[in-house]
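Taking it in order: structure first as structure tokens, then the write-up.
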Amino acid sequence: MPTLFIVFGFRFMFYSNDHEPIHVHVIKGDAEARFQVLPDVCLLDNHGLKPAELKLAESLVEENKETIVSNWKNFFNK
């Protein structure tokens with residue numbers, strides 16, 4: 001489970017067996033959300049993050065979009 005970065009208590013990562021489309025899992029405590037990264041950042045599902053946490057997580061995904069995509073492509077040899 002490669003961790004890309006940790007910011008404000010949010011862990012941004014993907015699973016080693018993940019699939020396309022390119023997406024990132026955001027974990028905080030026992031809560032987790034998943035965001036699609038390309039072509040646009042959008043919430044795919046949420047399991048326990050509060051609305052304010054989702055908004056912050058989404059903005060962090062948007063700000064780090066290039067890093068997420070680059071790490072995804074490197075890890076999955078795409």
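The values are calculated or read from the model by the stated rules, or taken from the named source; none is laboratory data. Fair warning: this is a prediction, and the values are worked out from it, not measured in the lab. Quick reminder, even Gly has a Cβ in these numbers, built from the backbone with ideal geometry, and neighbours come from all protein chains shown. Protein only, heavy atoms only, side chains kept; ligands, DNA and RNA dropped before computing areas. Shrake-Rupley method; radii C 1.70, N 1.55, O 1.52, S 1.80 Å.
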Check your understanding: Can you list the aspartates and glutamates whose alpha carbon is less than 12 Å from that of residue 28, not counting same-chain residues fewer than 8 positions off?
Key -> 53
Exercise for review: Counting only heavy atoms of the protein chains, get the accessible area per residue of the chain (1.4 Å probe) and round it to a whole Å² value.
Suggested key: 59 Å²
Review point. If you plug each phi of the range 32-42 into the Karplus form 6.51 cos²θ - 1.76 cosθ + 1.60 with θ = phi - 60°, what whole-Hz ³J(HN,Hα) values come out, in order, with x for Gly and Pro?
Key: 8, 10, 10, 10, 6, 9, 10, x, 10, 6, 8
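About the Cα centre of the chain, what is the dipole size in debye to 20, counting +1 per Lys and Arg Cβ and -1 per Asp and Glu Cβ, all else neutral? Walk me through the intermediate numbers first.
Details: 8 positive and 11 negative charges, 28 e Å.
Approximately 140 debye in magnitude.
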Check your understanding: Counting only protein heavy atoms, what percent of the accessible surface of the chain is carbon or sulfur at a 1.4 Å probe?
Key -> 52 percent
Point to revise | Rel. contact order, % - alpha carbon contacts under 8 angstrom, at least six apart, the chain | key: 20 percent
Exercise for review: Output ³J(HN,Hα) for the range 54-63: one whole-Hz value per residue in order, computed from phi by the Karplus curve 6.51 cos²θ - 1.76 cosθ + 1.60 with θ = phi - 60°, and x for Gly and Pro.
Suggested key: 4, 4, 5, 4, 4, 5, 5, 5, 4, 5
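How much mean residue ellipticity at 222 nm does the chain get from its helices, if each DSSP H run of length 4 or more adds -39500 (n - 2.57) and you divide by all residues, to the nearest 500 deg cm²/dmol? Mind dumping the intermediate values first?
Values: 2 runs with 25 residues, N = 78.
Roughly -10000 deg cm²/dmol at 222 nm, from the helical runs in the chain.
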Practice item. Of the options 44, 1, 16, report the single residue whose Cα projects farthest towards the positive end of the charge dipole of the range 1-44 (beta-carbon charges: Lys, Arg +1; Asp, Glu -1). Key: 1
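Can you give the extra length, in nm with one decimal, that the chain gains between residue 63 and residue 40 once fully stretched, where that is 0.36 nm per residue apart less the Cα-Cα distance? Working shown, then result.
Values: separation 23, 0.36 × 23 = 8.28 nm, distance 1.20 nm.
Gain on stretching residue 63 to residue 40: 7.1 nm.
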